[in-house]
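Worksheet: one structure, shown below.
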Amino acid sequence: MTALWYATRGTGVVALLLLTATVALGIAATARFATPRWPRLMTAGLHRHLSLLVVAFVAVHVATAVLDPFAPIGWAAAVVPFGASYRPLWLGLGAVAFDLLIAVVVTSLLRARLGYRTWRAVHWLAYASWPVALWHGLGTGTDSRLTPMIGLDAACAAAVACAAAWRISLLPGVRRRVAAGLACLTIALATVTFMAAGPLQPGWARRAGTPVRLLTPNAAGRAAGPRVIGPLAGLTAAGQAAAGPAAAGRARS
Amino acid sequence: MPLPAGDAIRRRDHVLARTRLASRWITAVAIAASVGIGGAVAHALPGRHPAAQAATAPDPAGSSGGQRAGQGTDRRRHHSAASHHHKRHHHLRPPAQPPSPSPSPPAVVSGGS
């Protein structure tokens, strides 16, 4: 079942990359970006295709996370925020981002019936789903401290920051530009501060809300004894060898 | 000046075909990247080093898992720990004293008159 966890990680990272591209394309579409070789029709088409691809990857990400027996994540926790026993806040942010994406996709499919104003109001939520998804990845991600992951997250943030800055520069009125710029700057500073004080510090797994039995498998085996049954039995002292060292690595970070 | 209808349709179809092609490429790259990142993460985790796995395999008691769980992601650190564990495994000495006799007599399950 370790493969499921690797699939969760891989699809999660790729979903964030695709979501970043979708947001950048969406910003380009609202700014009516077009060149002779890149018409607006192409921006809109790619934006639509990529957003559906994001939903597909997030669906696989959620399904593999739920089916993986290591972390106690139920199907309900995937859509109902902050109800999980495993890192509830950070997993809840993922559920919020997933719900926002579903709302955006459903309203886009029903756009003709809903009307443009309603669709546009809901579509603004897509902008909110990106930082929420980023924080979910930083807070829940087992390997957020790895340099390549930090690089990927920084690249995503830089891409969205550049697109947002370009879009803000096109806004009419200095006040609106300053307000939007300050909002983006606040989000960026909050993210950097959170990373420095949270996932990059030792002991983040415990502070993030990982169940104690997953942090110290041997202690759990002794404490829970024969009551540890089912999938979690592999995390007891006797089952650790069968569960493999990868499971130990998952429990630690 | 607007394009003639035929040209506009041809141009639109061309753009849509390019969009579909780009979408297919992005999908393929995304799936490959997903598999690649999953594999990379698998090797970045502690315990995924071949030497570490070889050291873990013959441990029938499974007592090293929890200790390994407390270690960091530094592969070198883990490798040295695994080597140390490996050496310890091959340099076992016989116990200094024989096992102490059991204080309770063996249980009799049959016999007697």
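Some observations on this one:
- Each residue in A:Arg167, A:Arg177 was given a count of other beta-carbon atoms within 10 angstrom of its own, and listing them fewest first yields A:Arg177, A:Arg167.
- Going by neighbour counts of Cβ atoms within 10 Å, the residues A:Val174, A:Val55, A:Val23 line up, fewest first, as A:Val174, A:Val55, A:Val23.
- Computed on the Cα atoms alone, the convex hull of segment A:102-147 gives a volume of 73 cubic angstrom per residue.
- Computed on segment A:23-166, the Cα convex hull volume stands at 126 Å³ per residue.
- Remark: mean inter-chain Cβ contacts per residue of A:49-55 equal 3, using a 10 Å Cβ-Cβ cutoff to other protein chain atoms.
- The shape of segment A:110-203 can be summarised by an equivalent ellipsoid whose semi-axes, obtained from the alpha carbon gyration tensor, come to 29, 18, 11 Å from longest to shortest.
- Ordering A:Tyr86, A:Tyr6, A:Tyr116 by the number of other Cβ atoms within 10 Å of each residue's own Cβ, fewest first, gives A:Tyr116, A:Tyr86, A:Tyr6.
Each reported figure results from applying straightforward, stated rules to the coordinates on display, with no laboratory input. In this text, all values refer to a predicted model and were calculated from it rather than measured experimentally. Positions of Cβ are generated from backbone atoms using ideal geometry, with glycine treated the same way; all protein chains shown enter the neighbour counts.
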